Amino acid sequence: MSRTRTALLAAMALVAGATGTAFAVDPGSAGIAAVPCTVDYKIQNQWSTGFTAAVTVTNNSAAKSSWSLKWSYAGNQKVTSGWNAKLSQSGAAVTAANETYNAQLATGGSVSFGFQGSYSGSNAIPAAFTLDGVTCNVDGGPGGPTDPPDPGGPSNRVNNPYEGAKVYVNPEWSAKAAAEPGGTRVSSQPTGVWLDRIAAINGSSGTMGLRAHLDEALRQKGSSELVVQLVIYNLPGRDCAALASNGELGPTEIDRYKTEYIDPIKAILADSKYSSLRIVTTVEIDSLPNLVTNTGSRPTATPQCDVMKANGNYVKGVGYALNKLGDVPNVYNYVDAGHHGWIGWDDNFGASATLFKEAASAEGATVNDVHGFITNTANYSALKENNFTINDNVAGKSVRESKWVDWNRYTDEQSFAQAFRNQLVSIGFPSGIGMLIDTSRNGWGGTARPSGPGAQTSVDTYVDGGRYDRRIHLGNWCNQSGAGLGERPQAAPAAGIDAYVWMKPPGESDGSSKAIPNDEGKGFDRMCDPTYTGNPRNNNNMSGALPDAPVSGHWFSAQFRQLMQNAYPPLS
């Protein structure tokens with residue numbers, strides 16, 4: 001199930017006796033000699049002049065209080081920046097030494113780091129590595145061993161499922177988009193398929209079920225590679241801080257979640273008929289971050305979120321989903337990681353990463369069941385704010401002191417996603433994890449888009465005059481007025497980012513503007529009411545929501561037309 005594979009047993013069998021190195025004996029291997037260390041070097045993303053790489057070192061000899069890994073390039077590769085290690089280069093020779101926080105390397109322990117580099121011509125994986133002067137085996141590199149079979153079955157997983165692949169176009173969404181004036185400009189874009197209740201698995205009221213979507217995906221695939229994007233979204237007590245997207249399962253119905261929701265989805269995905277598809281799952285948006293930000297003594301706390309933290313069913317549910325779906329060799333699990341305007345603050349950032357690891361270790365799951373994380377799902381945070389940076393100072397004040405940024409460490413989604421990825425790797429997630437960013441509604445184009453920085457009379461005029469994100473407050477999330485389509489879906493657009501995606505289908509409502517009876521368990525949230533004056537989660541500002549919106553997930557024509565009008569990049 002892991003996308004970073006160490007192949008120790010194969011290495012022990014193939015390398016023992018092949019060099020003069022004195023190998024330690026693995027007490028669990030019935031006397032088979034073990035290689036002293038293994039190195040897993042993977043190129044994550046590559047473009048015409050540069051690349052990013054992830055390296056994992058496993059120590060099979062005596063425990064170390066510090067470490068230094070060295071290799072040499074056969075070509076002209078140059079390391080330009082790195083993380084989780086001190087990297088230096090002299091000619092072709094590269095040295096990666098520990099940071100203070102990851103200096104300890106136990107027997108059998110691993111450490112991961114990554115870097116960005118430049119190159120021209122070929123970009124071959126180095127042929128040999130040494131750890132503190134001792135030659136290591138290279139997993140998957142030249143002359144390296146073949147990985148043993150995955151315990152869960154043969155895996156067809158690639159490092160980035162989006163690279164070299166088409167992405168599934170949902171015909172139901174596409175038809176709605178095409179029916180709008182000018183909608184054919186975007187109706188062929190790929191979007192996520194939301195499994196937001198048990199009935200969605202088999203389909204209801206004439207809608208396509210999961211198998212119908214997968215069968216259509218096979219038709220679209222032809223002889224090419226194809227990604228299908230599924231949103232797994234039905235936790236017990238779902239979305240405890242937003243009534244508009246409450247679900248059908250009560251806070252204690254974890255067993256129903258497992259047996260009536262996750263298990264049937266896994267059974268379908270595991271059908272060998274669909275083994276040629278690359279299936280990306282976005283696992284339970286708007287759940288785990290709530291346990292960090294909306295519980296306890298915080299002014300943003302809700303009784304519902306306190307209940308879900310106490311009973312542990314968010315953690316159990318996510319762990320169970322990752323475990324079961326991760327057993328399917330062609331499934332790629334991406335866990336929802338909120339957005340920069342939710343967990344970008346100092347007291348949320350590290351705590352959220354720690355909670356995600358707890359969930360990824362629950363109910364039989366491991367961090368190797370996680371292929372990556374997704375940010376900004378169904379949200380509006382700008383991809384890149386180009387008119388100001390977090391390091392700017394205006395009129396004697398830091399940008400962080402502005403009312404908009406409000407001491408956040410990040411100003412946009414891409415900088416947050418890249419930094420959060422590094423945080424996740426630093427606490428034990430595989431170094432090969434990638435990030436997705438939902439860009440379906442964060443373009444913020446049109447006539448209101450600033451062309452440059454704001455006036456430098458104060459830090460607020462500077463930020464407010466230059467920011468692309470035109471929301472009243474970062475905490476506003478429902479059917480936002482003025483929003484536009486963002487970057488079109490694309491693979492490997494930046495370092496550490498597997499893809500920009502449209503996981504939220506543009507034109508589907510976030511929630512109704514007033515109470516509307518429905519049989520989907522979805523309530524009425526005042527944050528979707530344009531007359532609402534706010535709550536502590538948006539600092540008591542107006543909601544900024546569009547009027548006359550339907551229940552969440554239902555088609556909202558007026559919003560779709562606005563999104564096209566304000567698209568950035570603009571639609572042609």
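Among the conditions (1) more than 28 Å from VAL158 (Cα to Cα); (2) open to solvent by less than 10 Å² (accessible area, probe 1.4 Å); (3) under 23 Å from the mean Cα position of the chain (by Cα), GLY183 misses just one, which is (3). Here the condition is being under 27 Å from ALA499 (Cα atoms), assigned to a helix (DSSP H, G or I) and either open to solvent by less than 40 Å² (accessible area, probe 1.4 Å) or not aliphatic (A, V, I, L, M) (or both); of ARG238, ARG219, it holds for ARG219 alone.
When segment 503-542 is filtered for residues that are within 29 Å of the chain's Cα centre (by Cα), among the basic types (Lys, Arg) and in a loop (DSSP other than H, G, I, E, B), the ones remaining, listed by number, are LYS504, LYS522.
Within segment 41-74, being more than 22 Å from the chain's Cα centre (by Cα) and part of a strand (DSSP E or B) holds for GLY50, VAL57, THR58, ASN59, LYS64, SER68, LEU69, LYS70, TRP71, SER72.
Please work out which residue is nearest to GLY553 (Cα to Cα), limiting yourself to segment 171-180 and to residues that are open to solvent by 20 Å² or more (accessible area, probe 1.4 Å) and among the hydrophobic types (A, V, I, L, M, F, W, C). Result: ALA175. In segment 326-365, which residues are more than 24 Å from ALA492 (Cβ to Cβ), out of contact with any helix residue (DSSP H, G or I) (no Cβ under 8 Å at 6 or more places or on another chain) and assigned to a loop (DSSP other than H, G, I, E, B)? The one that is more than 24 Å from ALA492 (Cβ to Cβ), out of contact with any helix residue (DSSP H, G or I) (no Cβ under 8 Å at 6 or more places or on another chain) and assigned to a loop (DSSP other than H, G, I, E, B): TRP345. With respect to the conditions (1) within 21 Å of ARG256 (Cβ to Cβ); (2) surrounded by fewer than 24 Cβ atoms within 10 Å (Cβ to Cβ); (3) of a type in the set (Val, Ile, Thr), VAL231 lacks only one, and its number is (2). Contact map, segment 332-349: first residue closer than 21 Å to ARG471 by Cβ, second residue assigned to a loop (DSSP other than H, G, I, E, B) and aromatic (Phe, Trp, Tyr), Cβ cut-off under 6 Å, separation 6 or more or different chains; pairs are HIS340/TYR410; GLY344/TYR410. Within segment 95-118, residues that are touching a residue at least 60 places away in the same chain (Cβ under 8 Å) reach partners that are of a type in the set (Asp, Glu) and surrounded by fewer than 21 Cβ atoms within 10 Å (Cβ to Cβ) with beta carbons closer than 9 Å, at six or more positions or on different chains, in the pairs PHE113/GLU99. Here SER381 meets each of (1) assigned to a loop (DSSP other than H, G, I, E, B); (2) open to solvent by 30 Å² or more (accessible area, probe 1.4 Å) with one exception, condition (2).
Evaluation of GLU363 against the conditions (1) open to solvent by 20 Å² or more (accessible area, probe 1.4 Å); (2) of a type outside the set (Gly, Ala, Ser); (3) at negative phi shows that the sole unmet condition is (3). For segment 298-350, the candidate set comprises residues that are of a type in the set (S, T, N, Q) and over 18 Å from the mean Cα position of the chain (by Cα); within that set, the residue that is surrounded by the most Cβ atoms within 10 Å (Cβ to Cβ) is ASN313. For segment 173-211, the set of residues classified as touching a helix residue (DSSP H, G or I) at 6+ places or on another chain (Cβ under 9 Å), part of a helix (DSSP H, G or I) and under 30 Å from GLY237 (Cα atoms) consists of ALA200, ILE201, ASN202, LEU210, ARG211, listed by residue number. Is it the case that VAL459 is touching a residue at least 60 places away in the same chain (Cβ under 8 Å), under 21 Å from TYR233 (Cα atoms) and among the β-branched types (Val, Ile, Thr)? Spelling it out, it is not the case that VAL459 is touching a residue at least 60 places away in the same chain (Cβ under 8 Å), under 21 Å from TYR233 (Cα atoms) and among the β-branched types (Val, Ile, Thr).
The values are calculated or read from the model by the stated rules, or taken from the named source; none is laboratory data. Fair warning: this is a prediction, and the values are worked out from it, not measured in the lab. Here Cβ is always computed from backbone atoms with ideal geometry, including for glycine, and neighbour counts include all displayed protein chains. For the accessible areas, the whole protein counts, side chains as well, though only heavy atoms, and no ligand, DNA or RNA atoms are used. Shrake-Rupley method; radii C 1.70, N 1.55, O 1.52, S 1.80 Å.
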